[in-house]
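Asker: My questions all concern the structure below.
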Amino acid sequence: MREAHLSRSSVRWFPRWTTVAAVLLFLVPAFDALAGVLVAPPVVILSDKGRTGRITVQNTATTPREVTINFAFGLPESDSLGNVSVLLQDSAITDPFSCVGWVKAFPRRLILQPNSQQVVRFVAKPPKDLANGEYWSRVVVQSKESEAAVPTSDPEQAITAKINMIMQTAIMLKYRQGDVFARLELQDTQVEDHDSTVQVMLDLKSQGTASYIGVLHCRLRDANGKLVGSDNLQLAVYRHLRRRFVFPVVGEDFVKPYQVEVEITSKGRTDIDARDMIYGNDIDYSMLVE
């Protein structure tokens, strides 16, 4: 699952009526353009058996980019409606499964020339007597464009503007201590049947010592087995997560009662190396909508 977050923006004022605006734009997936910068892989895995890792940062733009590497803590969380978001926290972190304070990046700041790339390495130095389990951090990669003057409409005006855009993405870093396992529980399923839609809400909870990473398929069929709608998504459950599906029921003569089919598996993920996957249990569940 790719997780994204919008961070802060700032404005700096300079003398002689020159305005420099630093705009921090929304996070983008690691494989998408990050102001011309690409980051791979999307997940970094460290462990007590291999405390080092790496990412590759590539500048695909035609101008140099200044790149900085920082760490924050943030897990996918959902609200009562099943909307998922990630809130990044870079200070006053109290979560016992945070590894922000003891994972370092080398280098933390670099200049990438056009069409060049560089490896950033990570080293974990966990505290002694660390309990078995999986510990988490976000690697926050920021890309800063070169300052460029923006022409004004009136050449005689004394005010010019320089726009310096900063974009960032946050990929997951996991540190695994000892033997860990992944297990997912489907705690509750709620279905609401309206005139033109059927809404399915799933409550999921991780019961393992590692996060559950997988794929979720949800289908809605009518009484004759005819497919009303289907959807699937990549799943990352660290603690508790709610996911919602809404299926339109229009334009067809569907016969009630409907049936909801849920299939969850940790197999089938192509964005994470199989050597880094911890395969958990599969879930097959169906429910009749009265």
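Asker: Filter the strands (runs of 3 or more DSSP E) completely within region 46-91 down to those with at least 3 residues that are assigned by TED's automatic domain parsing to the domain that holds PRO107 and farther than 30 Å from ASP203 by Cβ. Break it down stepwise before answering.
Answerer: Details: elements: 52-59, 65-72, 76-78, 84-86.
Because the criterion is at least 3 residues that are assigned by TED's automatic domain parsing to the domain that holds PRO107 and farther than 30 Å from ASP203 by Cβ, the strands (runs of 3 or more DSSP E) in region 46-91 that meet it are 52-59, 65-72.
Asker: Moving on to the next point. Any residue at all in region 267-282 that's within 19 Å of GLN187 (Cα to Cα) and part of a strand (DSSP E or B)?
Answerer: Initially, region 267-282 is screened for residues within 19 Å of GLN187 (Cα to Cα), giving 280-282.
Filter once more, keeping what is part of a strand (DSSP E or B): none.
No: zero hits.
Asker: Additional query: Does region 101-118 hold any residues that are among the basic types (Lys, Arg) and either farther than 14 Å from GLN142 by Cα or outside any loop (DSSP other than H, G, I, E, B) (or both), and which are they?
Answerer: Taking region 101-118 as the starting set, the residues that turn out to be among the basic types (Lys, Arg) are 104, 108-109.
Within region 101-118, LYS104, ARG109 qualify.
Asker: Checking MET167 against (1) under 30 Å from VAL250 (Cα atoms); (2) among the aliphatic types (A, V, I, L, M); (3) outside the structural domain of ALA236 (by TED's automatic domain parsing), which single condition isn't satisfied?
Answerer: Unmet for MET167, out of (1) under 30 Å from VAL250 (Cα atoms); (2) among the aliphatic types (A, V, I, L, M); (3) outside the structural domain of ALA236 (by TED's automatic domain parsing): (1).
Asker: Then there is this: Taking GLY36, is it over 18 Å from the mean Cα position of the chain (by Cα), modelled with pLDDT under 95 and buried (at least 19 other Cβ atoms within 10 Å of the Cβ)? Lay out the reasoning, then the answer.
Answerer: On the way: over 18 Å from the mean Cα position of the chain (by Cα): yes; modelled with pLDDT under 95: yes; buried (at least 19 other Cβ atoms within 10 Å of the Cβ): yes.
Answer is yes for this residue.
Asker: THR56 fails exactly one of the following numbered conditions: (1) over 30 Å from PHE245 (Cα atoms); (2) surrounded by 15 or more Cβ atoms within 10 Å (Cβ to Cβ). What is the number of that condition?
Answerer: The one condition THR56 does not meet is (2).
Asker: Check region 136-153 and report whether any residue there is surrounded by fewer than 17 Cβ atoms within 10 Å (Cβ to Cβ), within 22 Å of the chain's Cα centre (by Cα) and among the hydroxyl-bearing types (Ser, Thr, Tyr).
Answerer: Looking through region 136-153, none of the residues is surrounded by fewer than 17 Cβ atoms within 10 Å (Cβ to Cβ), within 22 Å of the chain's Cα centre (by Cα) and among the hydroxyl-bearing types (Ser, Thr, Tyr).
Asker: Quick check: anything in region 234-248 over 30 Å from PRO42 (Cβ atoms) and surrounded by 14 or more Cβ atoms within 10 Å (Cβ to Cβ)? Explain how you work it out, then say what you get.
Answerer: Step one: of region 234-248, the residues over 30 Å from PRO42 (Cβ atoms) are 248.
Right, trim to surrounded by 14 or more Cβ atoms within 10 Å (Cβ to Cβ) and you get none.
Within region 234-248, none of the residues are over 30 Å from PRO42 (Cβ atoms) and surrounded by 14 or more Cβ atoms within 10 Å (Cβ to Cβ).
Asker: Being closer than 30 Å to VAL191 by Cα, assigned to a loop (DSSP other than H, G, I, E, B), among the hydrophobic types (A, V, I, L, M, F, W, C) and at pLDDT below 95 is the requirement here; does ALA30 meet it? Steps first, answer last, please.
Answerer: Values: closer than 30 Å to VAL191 by Cα: no; assigned to a loop (DSSP other than H, G, I, E, B): yes; among the hydrophobic types (A, V, I, L, M, F, W, C): yes; at pLDDT below 95: yes.
The answer is no for ALA30.
Asker: Sticking with this structure for a sec: Would you confirm whether or not region 217-225 contains a residue that is outside the structural domain of ASN70 (by TED's automatic domain parsing), buried (at least 18 other Cβ atoms within 10 Å of the Cβ) and free of Cβ contacts under 8 Å to residues at least 40 places away in the same chain?
Answerer: yes
Asker: Moving on to the next point. Here's a check for you: in region 61-71, which residue that is of a type outside the set (Asp, Glu) and out of contact with any Pro (no Cβ under 8 Å at 6 or more places or on another chain) is farthest from ALA210 (Cα to Cα)?
Answerer: Filtering region 61-71 for residues of a type outside the set (Asp, Glu) gives 61-65, 67-71.
Right, trim to out of contact with any Pro (no Cβ under 8 Å at 6 or more places or on another chain) and you get 65, 67-68, 70-71.
Numbers: ARG65: 36, VAL67: 31, THR68: 29, ASN70: 23, PHE71: 20 Å.
Ranking the candidates gives ARG65 first.
Asker: Would you say GLU192 is over 30 Å from SER98 (Cα atoms), free of Cβ contacts under 8 Å to residues at least 40 places away in the same chain and in a loop (DSSP other than H, G, I, E, B)?
Answerer: no
Asker: Any idea which of (1) in a strand (DSSP E or B); (2) at positive phi is the one TYR135 doesn't satisfy?
Answerer: For TYR135, the exception is condition (2).
The values are calculated or read from the model by the stated rules, or taken from the named source; none is laboratory data. Fair warning: this is a prediction, and the values are worked out from it, not measured in the lab. Quick reminder, even Gly has a Cβ in these numbers, built from the backbone with ideal geometry, and neighbours come from all protein chains shown.
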